[in-house]
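Novice: Mind looking over this structure? Questions follow.
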Amino acid sequence: MNLNDVKIEKTLNSDISSPFQTLASPPISLRRAQCVVYNYEILICGSYDSKECYSYHTIKNQYKYICSYPKNVVSFGHCVVSLGDSNQNEITLLSFGGQPRNQRKHTLVMKYISVWDNEITDSNPLNKWVALRNNDGKEIIIGRYEDDYQGVKAIIGGSNDHLLFVTYHPKNIDVFDLNTLKYINFYILPTDGYIKHQCFLSADKHCNHMLLFSKSKGLSIEYDEQRNIFQFHEMRVCAAMRSLCSFGHVYINGCILFFGGEDGFNYSMKDNKWTISVQNWPTALRGCITVLNDDNTFMHILGQSDENYRISIHLKTKIDEWMEIEQRWIEENKEILEAEDIRAELEQMKRELDINKLN
């Protein structure tokens, strides 16, 4: 057997029915939308094509309007994160980015309370995007004028969840202190090429270990909070996934699930192995985002289902059933997976030999 010809393929099995359930049609375009989970709600905070924000009720399968971004805010690839308030009756959202280089950035916050349980009046300061300000009333902007913040991705971490790690084009990672509202580090990622609309996620509780994937690039990133320094380790990316410009992703039980195009991809952190999902997909997905519900029992996938980004779709699938089907396929195809690992190791050895020749 020629190991160079070995590839991981889906098993075309008619016995495997689609595990996806199609939910109520979204009221806006979901192309690269930003979503945050809050109790039984998925908060949809704008997208490439819409400034409107909605709450999706995971039990009622309904959407409800929250508010809209200010008219002067450009959000072509913005980022929204939860600041993790301890108050269970409200959540604070931080929105920034979406602007190209040499353009003023926006940084907004919203104190949100459920639109399903409360009547919000126009005079109420809740459920509205307002400028982020420090204690002196000065407006704070995340992102420098010269930064390219289209497709920016960020996660919150640190020992007290007080650090914002920001990754953006062409290959930058910054650290912003949410307590002092000041930058504490600017760093260049050690990667060839560039990143954009990358997958960026935490690999531990305090987010001092992060993972980044962008096309053929994969990095394991560790941050030393005491010394304010990074360490980087290169990671292999599944060959079939390298052509995707962007993809949704979730982390659960030591496995990262990726979604985009016509396939799903699984990466086991424990085994350091990639597989292509065996699930039967109802449609190709573009510009999608993926989130888990509040108790991690269901996975929601929101995005576009056509090439022209005109049709938005919202799917969900049960995590237990998904993982059971995937694990069964892995057990049945161990030989294929082992051969793929050998081929990947040979490719890595060849790259290292080529680099040594150049040196």
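Novice: If you go through region 261-292, how many residues are more than 24 Å from HIS57 (Cα to Cα), of a type outside the set (A, V, I, L, M, F, W, C) and either surrounded by 19 or more Cβ atoms within 10 Å (Cβ to Cβ) or at pLDDT below 75 (or both)?
Specialist: Of the residues in region 261-292, 10 are more than 24 Å from HIS57 (Cα to Cα), of a type outside the set (A, V, I, L, M, F, W, C) and either surrounded by 19 or more Cβ atoms within 10 Å (Cβ to Cβ) or at pLDDT below 75 (or both).
Novice: Could you say which residue among GLY143, GLY137 is loosely packed, with under 11 Cβ neighbours inside 10 Å, out of contact with any Asp or Glu (no Cβ under 6 Å at 6 or more places or on another chain) and modelled with pLDDT of 95 or more?
Specialist: Details: GLY143 fails: loosely packed, with under 11 Cβ neighbours inside 10 Å.
The conditions single out GLY137.
Novice: Turning to a different aspect of this structure: What pairs can you find where one residue is in region 18-34 and under 18 Å from LYS64 (Cβ atoms), the other is assigned to a loop (DSSP other than H, G, I, E, B) and modelled with pLDDT under 90, and their Cβ atoms are less than 6 Å apart, with a gap of 6+ or different chains?
Specialist: Going by the 6 Å Cβ cut-off, the qualifying pairs are SER29/ASP49.
Novice: Another question, then. Does ILE221 qualify as being hydrophobic (A, V, I, L, M, F, W, C), in contact (Cβ under 8 Å) with a residue 12 or more places away in the chain and either within 30 Å of ASN185 (Cβ to Cβ) or surrounded by 21 or more Cβ atoms within 10 Å (Cβ to Cβ) (or both)?
Specialist: yes
Novice: I've got another one for you. Does MET299 satisfy the condition of being surrounded by 15 or more Cβ atoms within 10 Å (Cβ to Cβ), at pLDDT 85 or above, among the hydrophobic types (A, V, I, L, M, F, W, C) and closer than 27 Å to ARG32 by Cα? Write out each step before concluding.
Specialist: Working: surrounded by 15 or more Cβ atoms within 10 Å (Cβ to Cβ): yes; at pLDDT 85 or above: yes; among the hydrophobic types (A, V, I, L, M, F, W, C): yes; closer than 27 Å to ARG32 by Cα: yes.
Yes.
Novice: Report the residue count in region 168-199 for those that are assigned to a strand (DSSP E or B), within 26 Å of CYS255 (Cβ to Cβ) and either modelled with pLDDT of 95 or more or more than 17 Å from the chain's Cα centre (by Cα) (or both). Break it down into steps so the answer makes sense when it comes.
Specialist: Step one: of region 168-199, the residues assigned to a strand (DSSP E or B) are 168, 172-177, 182-188, 199.
Next, from what is left, pick out any that are within 26 Å of CYS255 (Cβ to Cβ): 173, 199.
In the following step, the residues that additionally are either modelled with pLDDT of 95 or more or more than 17 Å from the chain's Cα centre (by Cα) (or both) were identified as 173.
Residues in region 168-199 being assigned to a strand (DSSP E or B), within 26 Å of CYS255 (Cβ to Cβ) and either modelled with pLDDT of 95 or more or more than 17 Å from the chain's Cα centre (by Cα) (or both): 1 in total.
Novice: Pairs under 9 Å by beta carbon, first residue free of Cβ contacts under 8 Å to residues at least 60 places away in the same chain in region 174-187, partner among the small types (Gly, Ala, Ser) and in a loop (DSSP other than H, G, I, E, B), six or more apart or different chains?
Specialist: These pairs meet every condition: ASP174/GLY143; VAL175/GLY158; ASP177/GLY158.
Novice: Exactly one of these conditions fails for SER246: (1) buried (at least 18 other Cβ atoms within 10 Å of the Cβ); (2) modelled with pLDDT of 80 or more; (3) of a type in the set (Ser, Thr, Tyr). Give me its number.
Specialist: So SER246 meets the others, but not (2).
Novice: Taking region 200-229 only, how many residues are part of a loop (DSSP other than H, G, I, E, B) and of a type in the set (Asp, Glu)?
Specialist: First, pick out the residues of region 200-229 that are part of a loop (DSSP other than H, G, I, E, B): 203-208, 215-216, 225-228.
From the residues that got through so far, the ones that are of a type in the set (Asp, Glu) too are 204, 225.
So the count comes out to 2.
Novice: Next question, about the same structure. Hey, could you check region 263-316 for residues that are outside any loop (DSSP other than H, G, I, E, B) and charged (D, E, K, R) and say which is nearest to GLN198 (Cα to Cα)? Spell out the reasoning first.
Specialist: Within region 263-316, the subset outside any loop (DSSP other than H, G, I, E, B) is 263-268, 273-276, 285-292, 298-304, 312-316.
Applying the additional criterion that residues be charged (D, E, K, R) yields 263, 273, 286, 316.
Values: ASP263: 17, LYS273: 20, ARG286: 14, LYS316: 23 Å.
Only one residue tops the list, namely ARG286.
Novice: Kindly indicate whether any position in region 150-157 is loosely packed, with under 12 Cβ neighbours inside 10 Å, part of a strand (DSSP E or B) and either of a type in the set (Lys, Arg) or at pLDDT 95 or above (or both). Before you say what the answer is, go through the steps one by one.
Specialist: First, pick out the residues of region 150-157 that are loosely packed, with under 12 Cβ neighbours inside 10 Å: none.
The answer is no; no qualifying residue exists.
Novice: Going through GLU332, GLU340 one at a time, which residue ends up being farther than 22 Å from SER202 by Cβ, surrounded by 15 or more Cβ atoms within 10 Å (Cβ to Cβ) and at pLDDT below 60? Steps first, please.
Specialist: Details: GLU332 fails: surrounded by 15 or more Cβ atoms within 10 Å (Cβ to Cβ).
Going through GLU332, GLU340 in turn, just one is farther than 22 Å from SER202 by Cβ, surrounded by 15 or more Cβ atoms within 10 Å (Cβ to Cβ) and at pLDDT below 60: GLU340.
The values are calculated or read from the model by the stated rules, or taken from the named source; none is laboratory data. Computed from a predicted model, the values in this text were never measured in an experiment. Ideal geometry is used to build each Cβ from the backbone, glycine not excepted, and the neighbour counts take in all protein chains shown.
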